1. Go ahead and estimate [θ] at 222 nm for the chain from helices alone: -39,500 (n - 2.57) per DSSP H run with n ≥ 4, summed, over the residue count, rounded to 500.
2. For the pair Ser242 and Lys218, how long in nm is the line joining their label points, each one 7 Å along Cα→Cβ?
3. Can you give the FRET efficiency for Phe6 and Arg65, using 1/(1 + (r/R0)^6), R0 = 22 Å, r = Cβ-Cβ distance, to the nearest 0.05?
4. For a Förster distance of 35 Å, can you work out the FRET efficiency between the beta-carbons of Val41 and Glu155, rounded to the nearest 0.05?
5. How large a share of the accessible area of the chain, in percent, is made up of carbon and sulfur atoms when the probe is 1.4 Å and the other protein chains stay in place?
6. Calculate the spin-label point distance for Tyr186 paired with Leu142, positioning each point 7 Å from the Cα along the beta-carbon direction, and give it in nanometres.
7. Taking amide H positions as placed 1.01 Å from N in the peptide plane, with prolines and chain starts having none, which residues 5 or more places from Gly135, or on another chain, fall under 5 Å of its amide H?
8. Which entries of Lys171/Lys218; Lys109/Lys144; Lys121/Lys144; Lys144/Lys171; Lys173/Lys241 show an alpha-carbon separation above 18 angstrom in the structure shown?
Amino acid sequence: QFIHSFWIGEGSLIGYVLSRMFSLPQAATIMGQDAKKQTLVHYFIDFSQIHLTCVSPIAAKLFERTFNVQRNISVIPWGIDQEKIVNQNDGPVRPIDILGVGSLTSLKKYDLFLDVIIELKKELTQLKVILIGDGAEYDQLLQKIQRSDIAHIVELRGSLPHQEVLEYMRKSKILLHTSSYESQGYVFMEALQCGMYTVSFEVGYIPPSAKSFIVQSKEEMVSTLSKLLPSQLNFDSIPLKSMEETAVDYLNIYTEDVA
């Protein structure tokens, strides 16, 4: 028997109480904002008694700093569901140059996304950009697109079903991700599996590959994209960890802690 709670919050506190009551081992997975947001719940949990796991090294380090936890955290990113995400590569021609996917919130910085496109437009006039997602900043971003004279380049598609998003990925060259924070950022895995390149800040879990570009500023983001887009790109999938491998990693934790 084993208790596994997701997110460091109320669920983990309940799991912690039950693990103390019934002398059961507990694992708790740090999933997202819980890596940097401290609440009253955290004062009632002795993290030294829990096997902590996280979906990226960045989130693990942030959690350690936020909660002053000096112990090893197992990094176990979510793997790819190979049956759902298959790269149907139709060759070197992809009609969409840049794709953005995510919630239209301040955290994702899609205002910066549009600033990058505005700069790129000065050099590359034939861009085709699609932004998929919905959120509080939808209207604000739409107004900026119209005001900045890039409506013929950038399309806001709103929220779409997951399989439709994957279809867009298979038609796109580069995922531009301007978010200031991601715990894992599963969108990186999906994009690479669909044969795309990725350009982002150092956030989440980005599998190291020749197609993954991590930048430090807007200027470097623009520069990287302006070099990539005119290049001859290949759209082969990057081999990635599977969801089955993720399950095995967790089973190993359960087995070790029970033993």
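The values are calculated or read from the model by the stated rules, or taken from the named source; none is laboratory data. On a predicted model such as this, the values are computed, not experimentally measured, just so you know. Every residue, glycine as well, gets a Cβ built from its backbone with ideal geometry; the counts of neighbours run over all protein chains shown. Side chains are part of the model used for accessible areas, which takes the heavy atoms of the whole protein and leaves out ligands, DNA and RNA. Shrake-Rupley method; radii C 1.70, N 1.55, O 1.52, S 1.80 Å.
1. Calculated mean residue ellipticity at 222 nm is -10500 deg cm²/dmol.
2. 4.4
3. Step by step, r from the Cβ atoms, then E = 0.55.
4. Calculated transfer efficiency: 0.25.
5. Of the solvent-accessible surface of the chain, carbon and sulfur hold 52 percent.
6. 2.8
7. Leu104
8. The answer is Lys171/Lys218; Lys144/Lys171; Lys173/Lys241.
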